[in-house]
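To start, the structure under review is shown below, and the notes come after it.
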Amino acid sequence: MIWSIIFIVVLLALDRASKILLASYLANKSLVTLIPGFFGLYLLDGGNTGAAWGILSGMPLLLAAISIVAMIFLIYLLFVRRPHSRILKIAMILIIAGGLGNLYDRIVYGAVTDFFVFLFIDFPIFNVADCCITVGAILAMVYMIVSKKDDPMFVVEFKKRGPIKRDSKDAARKKGKK
């Protein structure tokens, strides 16, 4: 459990450091090409107020609320349900770290700082937290596809209740009321 917390903190620190450093480096630049025709850095003016591809753009409070609920659920799964699979643990750690990194930006700045850009395709600008979320989601999906269907992490158990048994006094009171 302590290692999960350490990895989440390290990934959060990496995300924050990259956002602070690259935001200051890219402040007065348009596009910095790292690999010509393929990959570069570009600071989105005003930040990203939506999710991927502009979904829910301009609704940072709603996105923050969704993120908070998702983070609480994932933290519950990771620390209370405790998945047995190392791949699933890593997936959850990545998603939690990425979600918390972007949540921090939404709460503090009202928008997420994005700066990585693919130049060969029309793809949303993204950041380290987005990479964590994406890799974590892919790992979780692969795990769910190849794992056993009866994995206790994904099985919701409901206790069966039999018929309600009444004692003889309850039955006599009911007869007396009729």
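Where a number appears in this text, it was derived from the coordinates with a stated rule and is not lab data. This is a predicted model, so every value here is computed, not measured. Every residue, glycine among them, receives a Cβ derived from its backbone with ideal geometry; neighbour counts consider all protein chains shown.
Quick look at the values:
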{"quantity": "Phi to ³J(HN,Hα) by Karplus 6.51 cos²θ - 1.76 cosθ + 1.60 over the range 27-44, Hz, x for Gly, Pro", "calculated": "3, 10, 10, 8, 10, 10, 7, 9, 10, x, x, 10, 8, x, 10, 8, 8, 6"}
{"quantity": "Unit Cα scatterers, Debye sum, the range 30-85: log10 I(q)/I(0) for q = 0.26 Å⁻¹", "calculated": "-0.97"}
{"quantity": "Protection proxy ranking of 132-144, 23-35 - average other beta-carbon atoms within 10 Å, highest first", "calculated": "132-144, 23-35"}
{"quantity": "Using θ = phi - 60° and Karplus 6.51 cos²θ - 1.76 cosθ + 1.60, couplings along the range 45-61 (whole Hz; Gly, Pro as x)", "calculated": "4, x, x, 9, 8, x, 9, 4, 6, x, 4, 6, 4, x, 10, x, 5"}
{"quantity": "Euclidean distance of C-alpha centroids, the range 58-119 and the range 3-30, integer Å", "calculated": "14 Å"}
